[in-house]
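Heads up: the structure comes next, in C-alpha cells.
The values are calculated or read from the model by the stated rules, or taken from the named source; none is laboratory data. Quick caveat, the model's predicted, so the values are computed rather than measured. FYI the Cβ positions are ideal-geometry reconstructions off the backbone, even for glycines, and counts take in every protein chain you see.
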Amino acid sequence: MAMTPLKGSDLLAWRRRLLATGGRSVDLDWLLDLGGGLRWAELQKLQLNPGEMEIQLAVSLETLEDLWQRHQQQQVPLQHLVGRCPWRDLELEVTSDALIPRQETELLVDLALAKAAEFSTASLEAALRWADLGTGSGAVAVALARHLPKWSGHAVDCSPQALALARRNLETLAPGNGCELHQGSWWEPLRPWWGALQLVVSNPPYIPASVVDVLDPVVRDHEPRLALDGGVDGLDCCRALVAEACEALAPGGWLLLEHHHDQSDLVLDLMARAGLENACAALDLEGVPRFAMGRRAG
Ligand SMILES: C[S@@+](CC[C@H](N)C(=O)[O-])C[C@H]1O[C@@H](n2cnc3c(N)ncnc32)[C@H](O)[C@@H]1O
C-alpha cells in the first residue's frame, strides 16, 4: 500500500539525521531504493531540487528507520532486512539460509555462458547439461536456466534450507526452466549424469577458516558458515570439486570455479594435476584473478 506523500525536503532531513548518527550513505540509499521504492536516480533529482518534489514511498519512514537501526546496531545485512537482493538483471529472494549473492559472481555466469556458446549448435542443445554445485540462493542456476532454456540444468547443495530458497527463486524467476534440484555433496547426487555434464560451475566456500573468524560481523554473524568456510587453507571444497571433474564432466566439458583473491595459481595447479586441460584464469572487475576454468579432454 502506498504511503501518504512526503515533502522531498522532509525526506532529505530524515536522511541527514540518520547519517549523522553513523552508517554509510550508500547503504541508506540502497535501503531507500529496495525497501522504500525510491529509485537512486529519483533521489539524485531530489537532492538537486529539494524544495520542489513530493515523494511517495512504499513504506513509512518509521519502518525504514527501524530497519536501518537493526542494520546499524545488530549488523543485520540490509538484504536480509528487505528479503531481496538485486543481482544481474534479477531481484532474488535472500534469507539467512544462504549466501547473499555477490557482484563478482555475476562474472562467473558470463564466463559460463561464453563456454556454453561453444556447445550450442541448435541440433545438439537438447542433449546439453549444466550444473551449479553449491547453488545457495540459486542465483547462478536461475541465470543459467534463463539464458540456456534448451539445456537441462542441475542445482546441488548440501543444505536443505538453501535448496528450499533456490527452489523458490527458480520457480519465481525461471518458471518451467528445466532445472532439477538435488541435495547432497558436490558431484555425488549427479552420478546418473556423470560423463554427460558439459558445463559445471561452482562458487564454493573458499575463505580460510581463520579468516572467516575475523570477517566483518555483518557477514560472519549473519551468513551461513557453511557457505564461507573452505577449511584451513580455504581450498578443501576446490580440491573436492576438481578431484572428480575428469570423471563427472562430459568429454570436452568445462569446470568453472570462483575462488579467493590469492588462490589462482593453487586452483590452476589442482586442475592441471587432476588432468583438466586448458586450465586458465579469468579476472574480476578489479583485475584480480578470481576464476579458474579447465576442461576434460575429448
Ligand atoms: C559460497 S556459497 C555460494 C552460493 C551461490 N552459488 C552463490 O554464488 O551465491 C557456497 C555454497 O556451497 C554449499 N556447500 C558447502 N559444502 C557443500 C558440499 N559439500 N556439497 C554441496 N554444497 C555445499 C553451501 O551450502 C553454499 O550454499
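If you go through region 246-287 and pick out every residue that is among the small types (Gly, Ala, Ser), surrounded by 19 or more Cβ atoms within 10 Å (Cβ to Cβ) and in contact with a Phe, Trp or Tyr (Cβ under 8 Å, 6 or more places away or on another chain), you end up with 1. Going by the structure shown, is Gly35 farther than 26 Å from Glu91 by Cα and within 29 Å of the chain's Cα centre (by Cα)? Spelling it out, it is not the case that Gly35 is farther than 26 Å from Glu91 by Cα and within 29 Å of the chain's Cα centre (by Cα). You will find that of Ala131, Ala112, Ala155, the residue that is assigned to a helix (DSSP H, G or I) and buried (at least 21 other Cβ atoms within 10 Å of the Cβ) is Ala112 and no other.
Conditions (1) closer than 20 Å to Ala145 by Cα; (2) more than 8 Å from the ligand (Cβ to nearest atom); (3) assigned to a helix (DSSP H, G or I); (4) at pLDDT below 95, marked per residue:
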| residue | (1), (2), (3), (4) |
| --- | --- |
| Thr172 | yes, yes, yes, no |
| Asn177 | yes, yes, no, yes |
| Glu180 | yes, yes, no, no |
| Trp186 | yes, no, no, no |
| Arg191 | no, yes, yes, no |
| Gly195 | no, yes, no, no |
| Leu199 | yes, yes, no, no |
| Pro204 | yes, no, no, no |
| Val211 | no, yes, yes, no |
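No other residue among Pro251, Pro192, Pro204 is under 19 Å from the mean Cα position of the chain (by Cα) and not β-branched (Val, Ile, Thr) apart from Pro204. Scanning region 88-105 for residues being near the ligand (Cβ under 8 Å from one of its atoms) and not in a helix (DSSP H, G or I) gives a total of 5. Pro205 satisfies every condition listed in (1) on the phi > 0 side of the Ramachandran plot; (2) surrounded by 19 or more Cβ atoms within 10 Å (Cβ to Cβ) except (1).
Scanning region 218-247 for residues that are more than 23 Å from the chain's Cα centre (by Cα) and within 13 Å of the ligand (Cβ to nearest atom) returns Ala243, Glu244.
Away from the ligand (no atom under 16 Å from the Cβ) and either charged (D, E, K, R) or in the same structural domain as Leu241 (by TED's automatic domain parsing) (or both) - does that describe any residue in region 46-57?
yes
For beta carbons closer than 8 Å, sequence separation of 6+ or different chains, a first residue in region 50-69 that is more than 21 Å from Leu81 (Cβ to Cβ) and a second that is in a helix (DSSP H, G or I) and among the aliphatic types (A, V, I, L, M), the qualifying pairs are Pro50/Leu12; Met53/Leu46.
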